Structures are given as structure tokens and as C-alpha cells.
């Protein structure tokens with residue numbers, strides 16, 4: 001089954017992010033092998049899940065909206081490959097900043 005990221009709705013408390021492309025070349029022009037570059041920590045929000053309830057009392061709304069460019073924790077989230085792109089499902093709390 002082929003998944004379409006635009007037809008997915010993350011579970012409450014999660015967002016779906018398309019990571020920015022990994023650097024394949026250094027500023028000095030040296031090409032990097034796939035295993036030498038760091039895991040991306042920035043990307044674009046593709047879909048947003050509903051709010052969650054903290055301790056059943058306080059509503060926690062998504063800090064982002066579809067289309068936002070974000071920075072997130074290096075090892076946060078779960079990778080899911082759809083087609084040729086590896087997307088990430090991130091918890092609201094894994095998002096560190098919105099890029100303006």
C-alpha cells in the first residue's frame with residue numbers, strides 16, 4: 001500500500017514533518033557519503049494532529065500549523081518512508097522553534 005502524506009492526519013499530539021534535505025557537500029566543495037551527514041533537524045509541517053489533554057485537565061494545542069518551517073530535536077520522532085521521502089512523526093514537545 002502506497003501512503004500519501006497529504007491524506008494522513010496524525011494522532012492527537014503529533015505532527016507530520018517533511019525533513020529538509022541532508023547536506024551532500026561541504027562549504028569547501030567536498031562531497032559527503034550518505035552515512036557522514038547528520039540527521040536533519042529542520043523541515044516543513046505537512047499535517048497536524050488534534051490538541052491533547054495534559055492530565056485530563058489542560059488542553060495543549062499544536063504549536064505549529066501546516067506549512068510552517070520548524071526546527072526539532074535531533075533524535076525526536078519516528079521515521080516513516082512514503083515513496084522516496086522519509087517523513088517524521090513528531091510529538092508537539094519535540095518541536096523546538098518555528099522558522100520565520
Taking segment 61-74 as the search range and keeping residues that are under 13 Å from residue 94 (Cβ atoms) and at pLDDT 90 or above, which one is surrounded by the most Cβ atoms within 10 Å (Cβ to Cβ)? 72
List the pairs whose first member sits in segment 73-94 and is free of Cβ contacts under 8 Å to residues at least 24 places away in the same chain, whose second member is in a strand (DSSP E or B) and surrounded by 14 or more Cβ atoms within 10 Å (Cβ to Cβ), and whose Cβ atoms are under 6 Å apart, counting only residues at least 6 apart or on separate chains? 76/90; 78/89; 79/88; 94/72
Which listed residue, of 70, 60, is closer than 14 Å to residue 11 by Cβ and touching a residue at least 40 places away in the same chain (Cβ under 8 Å): 60
Within segment 11-46, can you find the residues that are modelled with pLDDT of 90 or more, more than 18 Å from residue 73 (Cα to Cα) and touching a strand residue (DSSP E or B) at 6+ places or on another chain (Cβ under 6 Å)? 12
Among residues of segment 75-100 being more than 14 Å from residue 8 (Cβ to Cβ), more than 10 Å from the chain's Cα centre (by Cα) and part of a loop (DSSP other than H, G, I, E, B), the residue modelled with the highest pLDDT is 100
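The values are calculated or read from the model by the stated rules, or taken from the named source; none is laboratory data. A quick note: this is a predicted structure, and the numbers were derived from the prediction, not measured. Neighbour counts are summed over all protein chains in view; Cβ atoms, including those assigned to glycine, are modelled from backbone coordinates with ideal geometry.
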